[in-house]
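Working notes, beginning with the structure itself.
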Amino acid sequence: MDRSMQGGLAVEFLTYYFTLVVLLAGVMAAASCFSAFLVSRKRIMLLACGGFLCAFFDTAFMLQDDIAGALLGPSLDPSYLLGRTVVTILIGGTGLTFFWLVICDYVDEQRRMLHIAPAVVFLVGSFALLPFAGEGPMRFWFYSMRAFYIGWMLLFTLVRYLGTTDPVERCRLERGRAVLVAAAALVIGVMVEDALFFIVMQVESVSLGPVALQAERNYFENLLTLGCAAFACFYAFRALSLRFNAPPTDEGAGRERYIDDNLLVYGNRYNLTDREREVLRLILLGRDNQNIASTLTIALSTAKVYVHRILQKTEQPGRQALVQDFWKNV
């Protein structure tokens, strides 16, 4: 085997193992998010799990294309490429929609139409551009639909952050600032990479020394997947550790500290007054109405009124449902 063949084989192995890393990151993030969902029952973790499962299968299709190309070469059936592209649009769109719903859940966006509208726009735009996916500069618009979808998510999050006047909510949203900036940088990289391949150079691959970069394998998008998977694993592991060290059933100081850390955010979400937050804290600690009245030095009837108001504002049918809603959403 000559040196050129050995170099080409090394590049193929490098691409293969990079793809395996992306696959492993996707399935590990999905498993971590699902585990966190089982112990916290937070909807956001289940949505993230769905997004990373779609990312796993989306990346698996790239590996499948490499195998199909190696086995069949020029005789690869065009219908296979068309079918694979359609499936990729559906899986990619579903995965991105899961992540869009994660953002909606995080910023407490309740409008159902806004939940589904970006997904519809993505699917309609992708299928409208499907005839141009084969060759020519129009390929840029087809392959950049995902970047546009992600860009919309980031822009929406930024607008919600800038438009928030509540200092507590602003502080909560600001915790994701570093992730937002990093994701924006990688999305710009996706757009630049697509523009270079499909508009400027109009080539299928380009060699950078011993490494050959392929047009349809967007490396910045893979890096974005790796970054999001790492962040999701960190967040999920923290949630699992928190439930291990201070589970909701524990009446000790760990549970009280966790309630105190999140009570203000939860209370502001439902416009609870200072006194209602005090009553809510005691409810979360398992106190009955008589105990609440004694602790706060108020009449029993007043304590019952406060409990009733809290249930009305949070739209919960009872105390148990209220406690479950708190632990699911903080």
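The values are calculated or read from the model by the stated rules, or taken from the named source; none is laboratory data. None of these values were measured; they are calculated from a predicted model. Virtual Cβ from ideal backbone geometry, glycine too; neighbours counted across all protein chains shown. Please note that ligands, DNA and RNA were not included when accessible areas were found on the heavy atoms of the full protein model with its side chains. Shrake-Rupley method; radii C 1.70, N 1.55, O 1.52, S 1.80 Å.
Beta carbons closer than 6 Å, at least 6 apart along the sequence or on distinct chains, pair a first residue in the stretch 313-330 that is over 18 Å from Asn289 (Cα atoms) with a second that is open to solvent by 60 Å² or more (accessible area, probe 1.4 Å) for Lys328/Arg41.
Screening the stretch 86-118 for residues that are touching a residue at least 40 places away in the same chain (Cβ under 8 Å) and over 17 Å from the mean Cα position of the chain (by Cα) and picking the one that is surrounded by the most Cβ atoms within 10 Å (Cβ to Cβ) gives Ile89. For the stretch 261-302, residues that are touching a residue at least 60 places away in the same chain (Cβ under 8 Å) and outside any helix (DSSP H, G or I) total 0. Scanning the stretch 181-190 for residues that are among the aliphatic types (A, V, I, L, M) and surrounded by 17 or more Cβ atoms within 10 Å (Cβ to Cβ) yields a count of 4.
Here the condition is being in contact with a Pro (Cβ under 8 Å, 6 or more places away or on another chain) and of a type in the set (S, T, N, Q); of Thr59, Thr97, it holds for Thr97 alone.
Going by the structure shown, is Ser207 outside any strand (DSSP E or B) and either surrounded by 12 or more Cβ atoms within 10 Å (Cβ to Cβ) or modelled with pLDDT under 85 (or both)? Break it down stepwise before answering.
Values: outside any strand (DSSP E or B): no; either surrounded by 12 or more Cβ atoms within 10 Å (Cβ to Cβ) or modelled with pLDDT under 85 (or both): yes.
So Ser207 does not fit the description; no.
Within the stretch 135-147, can one find any residue that is in contact with a Pro (Cβ under 7 Å, 6 or more places away or on another chain), free of Cβ contacts under 8 Å to residues at least 60 places away in the same chain and open to solvent by less than 40 Å² (accessible area, probe 1.4 Å)? Talk me through it step by step, then tell me what you get.
Filtering the stretch 135-147 for residues in contact with a Pro (Cβ under 7 Å, 6 or more places away or on another chain) gives none.
Checked the stretch 135-147: no residue is in contact with a Pro (Cβ under 7 Å, 6 or more places away or on another chain), free of Cβ contacts under 8 Å to residues at least 60 places away in the same chain and open to solvent by less than 40 Å² (accessible area, probe 1.4 Å).
Taking the stated definitions as given, is Ser126 open to solvent by less than 30 Å² (accessible area, probe 1.4 Å), over 30 Å from Tyr235 (Cα atoms) and in a helix (DSSP H, G or I)? Criteria met by Ser126.
To keep it simple, each residue is scored yes or no on (1) closer than 21 Å to Ala36 by Cβ; (2) in contact with a Phe, Trp or Tyr (Cβ under 7 Å, 6 or more places away or on another chain); (3) modelled with pLDDT of 90 or more; (4) not in a helix (DSSP H, G or I).
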position: Arg243; (1), (2), (3), (4): yes, no, no, no
position: Thr249; (1), (2), (3), (4): yes, no, no, yes
position: Ile259; (1), (2), (3), (4): yes, no, no, no
position: Lys304; (1), (2), (3), (4): no, no, yes, no
position: His308; (1), (2), (3), (4): no, no, yes, no
position: Gln312; (1), (2), (3), (4): no, no, yes, no
position: Trp327; (1), (2), (3), (4): yes, no, no, no
